[in-house]
Structures are given as structure tokens and as C-alpha cells.
Amino acid sequence: MLSIFLKPVLLLSMPGESEWLLIMLVILLFFGGKKIPDLMRGIGKGVREFNDAKDHVKNELEAGMKEKDVIKSQEPSNTTPPVS
């Protein structure tokens, strides 16, 4: 009985061409032709800032890993047993 209600939910997929056209038309009606470039510019700025922050974190992690490797390579190894 439950599967009858879940089937429509599980059949959801990405919008097709006609749905994308309808979505774009609704966006155009809501924001107007003059606001869309500003909206796209804001989205582009947000994506750029996200990528910059992601690259910064990646570089910080890589620098920390390299620093840890340098410290390990400079440590003297105690492979010879102490003489008593």
C-alpha cells in the first residue's frame, strides 16, 4: 500500500527542455530584463569567491603537509641501540 504513494515521489527527475523554458520565463517575469545581468553577476562573484576560498584552504593544507614532511626528514633517526 505504501509503495503506491512512493512511486510518484521516486519518479522525479531533472526538468526537460520545456520545463527549463518555463523556468526561464518565470525568472524573466519575476526579475525583469534589467535585473537578470545583475543577478548573474552576483552569482558569478559568489562562485569565484567560493573557488578562491577552496583553493586557499587546499594550499594551506598542502603547505602544512609539506612542513610536516620536512620536520620528519630533519629528525635524527634512533636506529642504533644505545651503548651501555
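Since every read-out is calculated from the coordinates, none of them should be taken as a lab result. These numbers come from a predicted model, not from an experiment. Please note: Cβ atoms are built from the backbone with ideal geometry, for glycine as well, and neighbour counts cover all protein chains shown.
Data overview
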item: Spin-label model distance (nm) - residue 23 vs residue 63, 7 Å beyond Cα toward Cβ; result: 3.9 nm
item: Principal axis dimensions, region 32-72 - Cα atoms, whole angstrom, descending; result: 60, 6, 5
